[in-house]
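Peer 1: After the structure tokens below, expect a handful of questions from me.
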Amino acid sequence: MRILLALLALILFGCATPYQKSGFEGGYSEAQLGENLFQVSFRGNGYTGLERITDFTLLRSAEVTLKNGFKYFVIVESDRKSKDYTRKTPTRSRTTGSMFSIGDYSNIETTTTTSGGDSYTVSKYRITNIIVCYKDKPEIEELVFTAEFVNKSIRQKYDLKP
């Protein structure tokens with residue numbers, strides 16, 4: 001039974017957050033704040049690196065742009081948050097011994113080996129972007145993303161189906 005539970009936990013928690021709608025393992029969410037103004041977020045689990053979360057937030061921004069009839073978007077505000085958790089591996093000790101006897105004399109030698117007890121930090125990231133979408137490429141100084149290009153290139157990078 002323990003092996004089955006450990007295997008189930010590995011399947012559920014041993015992988016980076018996939019590109020999906022927000023759920024227990026993380027994912028994307030969005031809200032429309034105005035006619036062409038959106039808030040787009042992506043939350044990862046402890047196995048999801050910052051680069052992947054940044055890319056998936058950008059991918060969702062491109063999808064929201066296209067889904068709402070726009071071609072371009074600009075990130076006007078970005079917020080990155082991290083929750084750090086410290087974990088400690090279990091400590092295990094194993095004692096082995098040997099005994100040697102001659103007549104009334106006995107000698108016992110034991111060796112104890114301890115392993116584990118290591119601490120490590122797990123970071124769970126969340127990125128939220130506020131984007132402004134445009135039908136035509138705006139003539140502004142900010143970085144303007146072409147939604148179709150972003151969508152295609154990030155999907156290709158992670159081998160995601162359209």
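Peer 1: Quick check on my filter: what residues within the stretch 34-59 are over 10 Å from I127 (Cα atoms), buried (at least 17 other Cβ atoms within 10 Å of the Cβ) and touching a Gly at 6+ places or on another chain (Cβ under 9 Å)?
Peer 2: N45, T48, R52
Peer 1: Do we have P90 as surrounded by 10 or more Cβ atoms within 10 Å (Cβ to Cβ) and out of contact with any Ser or Thr (no Cβ under 6 Å at 6 or more places or on another chain) here?
Peer 2: no
Peer 1: Tell me the strands (runs of 3 or more DSSP E) entirely within the stretch 89-162 that contain at least 2 residues that are more than 30 Å from G26 (Cα to Cα).
Peer 2: Of the strands (runs of 3 or more DSSP E) lying wholly inside the stretch 89-162, those with at least 2 residues that are more than 30 Å from G26 (Cα to Cα) span 91-102, 105-116.
Peer 1: Next question. Anything in the stretch 29-80 that is over 23 Å from K137 (Cα atoms), assigned to a helix (DSSP H, G or I) and of a type in the set (A, V, I, L, M, F, W, C)? List them, or say none.
Peer 2: Within the stretch 29-80, L50, I53 qualify.
Peer 1: Assess whether V122 counts as being surrounded by 10 or more Cβ atoms within 10 Å (Cβ to Cβ) and modelled with pLDDT under 90. Talk me through it step by step, then tell me what you get.
Peer 2: Numbers: surrounded by 10 or more Cβ atoms within 10 Å (Cβ to Cβ): yes; modelled with pLDDT under 90: yes.
Against the criterion (surrounded by 10 or more Cβ atoms within 10 Å (Cβ to Cβ) and modelled with pLDDT under 90), V122 qualifies.
Peer 1: State whether one or more residues within the stretch 94-103 are more than 16 Å from R43 (Cβ to Cβ), surrounded by 10 or more Cβ atoms within 10 Å (Cβ to Cβ) and not polar (S, T, N, Q). Spell out the reasoning first.
Peer 2: Quick first cut of the stretch 94-103, residues more than 16 Å from R43 (Cβ to Cβ) only: 94-103.
Restricting the remaining residues to those that are surrounded by 10 or more Cβ atoms within 10 Å (Cβ to Cβ) gives none.
Taking every residue of the stretch 94-103 in turn, none turns out to be more than 16 Å from R43 (Cβ to Cβ), surrounded by 10 or more Cβ atoms within 10 Å (Cβ to Cβ) and not polar (S, T, N, Q).
Peer 1: Related question: Of everything in the stretch 136-148 that's surrounded by 12 or more Cβ atoms within 10 Å (Cβ to Cβ) and not aliphatic (A, V, I, L, M), which residue is farthest from D55 (Cα to Cα)?
Peer 2: The qualifying residue farthest from D55 (Cα to Cα) is P138.
The values are calculated or read from the model by the stated rules, or taken from the named source; none is laboratory data. Just so it is clear, the structure is predicted and the values come from calculations on it, not from any experiment. Because the Cβ atoms are built from the backbone with ideal geometry, glycine has one as well, and the counts that use them run over all protein chains shown.
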